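**Q** The structure's right below; bear with me while I get my questions together.
FYI, it's all coordinate maths here, none of it is from the lab. Just so you know, these numbers come straight off a predicted model, no measurement behind them. Counting neighbours? That spans all protein chains shown, and the Cβs are built from the backbone with ideal geometry, glycine included.
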Amino acid sequence: MKVPLLDLAAQYRPLRAEVLAALERVLDSQRFILGPEVEALEKEVAAYCGVPFAVGVSSGTDALLASLMALGVGPGHSVITTPYSFFATAGVIARVGATPVFVDIDPETYNIDPAGLAAAIEQARPELRAVMPVHLFGQTAEMGEVMRLCSAHDLPVIEDAAQAIGAEYPLGGVPRRAGSIGALGCFSFFPSKNLGGLGDGGMVTTADEALAERLRRLRVHGSKPKYYHEIVGGNFRLDAIQAAALRVKLPRLDSWTAARMARADRYATLFEQAGLTTEAARVGLPQARHRAAGGHYHIYNQFVIRVPGQGRRDRLIEHLRRHEIGCEVYYPRPLHLQPCFAYLGYPEGSLPEAERAARETLALPVFPELSDAQQDWVVETIARFFIAERPSS
Ligand SMILES: *Cc1c(COP(=O)(O)O)cnc(C)c1O
């Protein structure tokens with residue numbers, strides 16, 4: 001049985017007529033850049049995330065880039081982030097001329113470790129201008145601790161929520177959605193995210209009206225009024241076609257999230273039943289830290305397992321590929337060890353948990369349309385791998 005990592009065609013099939021009607025609406029209007037569809041999506045995403053303002057932009061990367069620009073981060077400044085994320089998180093810091101400062105991750109959640117963050121904040125002053133936690137795989141970073149540390153030092157927090165739209169964190173016991181906690185929240189509508197468009201797109205959320213206004217200006221080359229520039233921005237605009245399609249999908253997002261969470265729970269049961277989670281922890285399952293608080297504690301943009309043992313994760317990948325089961329490593333090389341960041345001077349071994357995660361983790365299929373039979377087959381196939389791996393006695 002073939003099991004893809006993600007099946008966007010299955011998601012599209014029941015939406016086809018509605019998506020096509022939305023596209024037709026845009027085509028008939030011949031308004032392709034920003035405009036009423038984008039404004040409507042901004043309102044809907046702001047309401048969904050529980051923030052007053054949302055600004056549509058061209059991608060998740062540009063959401064992060066424009067956010068740094070809006071905060072005035074540039075040469076001579078530094079920004080703390082995680083080394084275990086998609087490249088854009090650190091890439092944008094370098095692009096504005098600032099220095100990324102990496103803090104190792106919590107090995108259970110793969111998110112930035114608050115203790116390490118506290119130490120780094122003490123060391124990096126006074127050039128430190130912002131902190132950018134990532135809500136990796138769909139689970140929010142430890143935002144209570146992050147906000148406490150950053151507020152104490154007057155540091156703005158930019159949430160990289162590209163993988164976490166709708167994920168919740170119990171801030172002081174009250175569930176708050178990703179992107180509504182820090183000064184700015186950045187989202188991506190890349191097709192493989194939980195809310196994916198028909199191409200590139202992104203959004204920045206904020207409760208700060210002045211920041212929202214600055215972002216709106218930055219996305220049109222900093223102009224206001226048109227052709228008058230007090231600041232330098234870029235072309236970070238969202239297309240009407242993307243907004244129209246996303247508006248068809250957004251009302252379905254919560255039901256998709258519920259399906260992803262149900263798939264994750266079912267994986268946990270199947271892995272346990274197959275005896276894969278015991279015996280020297282052969283397979284480490286994702287840990288949802290605030291599960292007891294209820295709500296969308298983890299929205300499983302990815303279901304990432306940990307497979308310890310010398311080379312074992314890579315042998316499992318080969319086994320799964322041979323059996324046509326989709327899987328992927330997010331991410332095989334942590335950011336501090338990327339050649340383009342060699343100048344930062346982080347040697348191998350300097351951020352051991354990020355490096356270990358890069359060696360040991362593997363994402364399995366977890367999309368809403370994944371069938372029980374497909375899921376059973378994924379776990380059975382993994383179980384057979386471990387039987388074959390067992391040293392003969
Ligand atoms: C996808 C992603 C981005 C970038 O989003 P794009 O829309 O692809 O530019 C940034 N950060 C994280 C954590 C992501 O997963």
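**Q** With contacts defined as alpha carbon pairs under 8 Å and 6 or more residues apart, what's the relative contact order of the range 253-389 in percent?
**A** Numbers: 141 pairs, mean separation 45.2, N = 137.
For the range 253-389, the relative contact order is 33 percent.
**Q** Which one of 215, 20, 117 has the biggest mean-square fluctuation once the chain is modelled by GNM with Cα springs under 10 Å?
**A** 20
**Q** If you don't mind, another one. Report, ordered by chain and residue number, the aspartates and glutamates lying within cross-link reach of residue 226, taken as a straight Cα distance under 19 Å and ignoring same-chain residues fewer than 8 apart.
**A** Qualifying aspartates and glutamates at Cα under 19 Å: 39, 213, 239.
**Q** Quick query: amide H of residue 171 versus all other amide H atoms, modeled in the peptide plane; which residues come in under 5 Å with a sequence gap of 5 or more or a different chain?
**A** 176
**Q** Be a star and scan the range 290-321 for residues whose amide nitrogen sits under 19 Å from the point 7 Å along the Cα-to-Cβ vector of residue 253.
**A** Correct set: 295-303.
**Q** Which listed residue (124, 1, 35) has the Cα farthest towards the positive end of the charge dipole for the range 1-130, taking +1 on Lys and Arg C-beta and -1 on Asp and Glu C-beta about the Cα centre?
**A** In the range 1-130, that residue is 35.
**Q** Sticking with this structure for a sec: Per residue of the range 174-183, what does 6.51 cos²θ - 1.76 cosθ + 1.60 with θ = phi - 60° give for ³J(HN,Hα)? Whole Hz please, x for Gly and Pro, Karplus curve as stated.
**A** So the Karplus estimates, Gly and Pro as x, are 9, x, 10, 7, 3, x, 10, 9, x, 5 Hz.
**Q** With +1 assigned to the C-beta of every Lys and Arg and -1 to the C-beta of every Asp and Glu, and no other charges, what is the dipole magnitude of the range 1-70 about the Cα centre in debye, to the nearest 20?
**A** Working: 6 positive and 9 negative charges, 49 e Å.
That gives a dipole near 240 debye.
**Q** Treating the angle as unsigned and between 0 and 90°, give the value, to the nearest 10°, between the Cα long axis of helix 240-249 and the longest Cα principal axis of the chain.
**A** 50
**Q** What is the pair-distance distribution P(r) of the range 89-160, computed from all Cα-Cα distances in 10 Å bins starting at 0, with each bin given as a whole percent?
**A** 19, 57, 23, 0
**Q** Still on this structure, I have one more. Among all the lysines, which ones have a C-alpha under 23 Å from residue 43's C-alpha, if same-chain residues fewer than 8 places away are not counted?
**A** Partners found: 193, 224, 249.
**Q** As a test of the formula, what do you get for the chain when each DSSP H run with n ≥ 4 contributes -39,500 (n - 2.57) and the sum is divided by the residue count, at 222 nm and rounded to the nearest 500 deg cm²/dmol?
**A** Numbers: 13 runs with 152 residues, N = 393.
Counting only the DSSP helices, I get -12000 deg cm²/dmol.
**Q** Using the Cα centre of the chain as the reference point, and only Cβ charges (+1 on K/R, -1 on D/E), how large is the resulting charge dipole? Debye, rounded to the nearest 20. If you can, show how the numbers build up before the last one.
**A** Working: 40 positive and 44 negative charges, 112 e Å.
Here the chain has a charge dipole of around 540 debye.
**Q** If I take every Cα pair under 8 Å that is 6 or more residues apart in the chain, average their sequence separation and divide by the length, what percent do I get for the relative contact order?
**A** Numbers: 788 pairs, mean separation 85.2, N = 393.
Computed over the chain, the figure is 22 percent.
**Q** Another one. Under 10 Å, Cα contacts only: if you run a Gaussian network model on the chain, which one of 284, 275, 185 comes out with the highest mean-square fluctuation?
**A** Most flexible of the set in this elastic network: 275.
**Q** For the chain, take the longest principal axis of its alpha carbons; what is the angle in degrees between that and the long axis of helix 114-124, to the nearest 10 within 0 to 90?
**A** The two axes meet at around 50 degrees.
**Q** Starting from the Cα of residue 235, step 7 Å along the direction of its Cβ; do the same at residue 2; then give the gap between the two resulting points in nm.
**A** Going by the 7 Å Cα→Cβ label model, 3.7 nm.
**Q** Something else now. How many percent of the alpha carbon pairs in the range 231-284 exceed a separation of 18 Å?
**A** Result for the distance tail: 63 percent.
**Q** Only loop residues by DSSP count here, and only those with at most 14 other Cβ atoms within 10 Å; note down the GluC sites (Glu not before Pro) in the range 165-234 that meet that. Display every interim value, and only then the final one.
**A** Working: sites: 168, 209, 213, 230; in loops: 230.
For GluC sites (Glu not before Pro) across the range 165-234 that sit outside H, G, I, E and B with at most 14 neighbouring Cβ atoms in 10 Å, the list reads 230.
**Q** From the C-alpha coordinates alone, can you work out the Kirkwood hydrodynamic radius of the range 253-389, in Å?
**A** On the way: mean 1/r = 0.0616 Å⁻¹.
The answer is 16.2 Å.
**Q** On a 0 to 90° scale, report how tilted helix 312-322 is relative to the longest principal axis of the chain, with both axes built from alpha carbons and the result rounded to the nearest 10.
**A** So the helix axis and the longest Cα principal axis differ by about 90 degrees.
**Q** I'd like to compare 50-57, 249-256, 97-104, 24-31: which one has the highest average count of other Cβ atoms within 10 Å, and what's the full order after that?
**A** On the way: 50-57: 23.1, 249-256: 15.2, 97-104: 20.9, 24-31: 12.8.
Going from most to least packed, we get 50-57, 97-104, 249-256, 24-31.
**Q** Test of understanding: express the Cα radius of gyration of the chain as a ratio to 2.2 N^0.38 Å, with N the residue count. Present the calculation step by step, with values, prior to reporting the outcome.
**A** Working: Rg = 21.2 Å, N = 393, 2.2 N^0.38 = 21.3 Å.
Compared with the compact-globule rule of thumb, the chain sits at 1.00.
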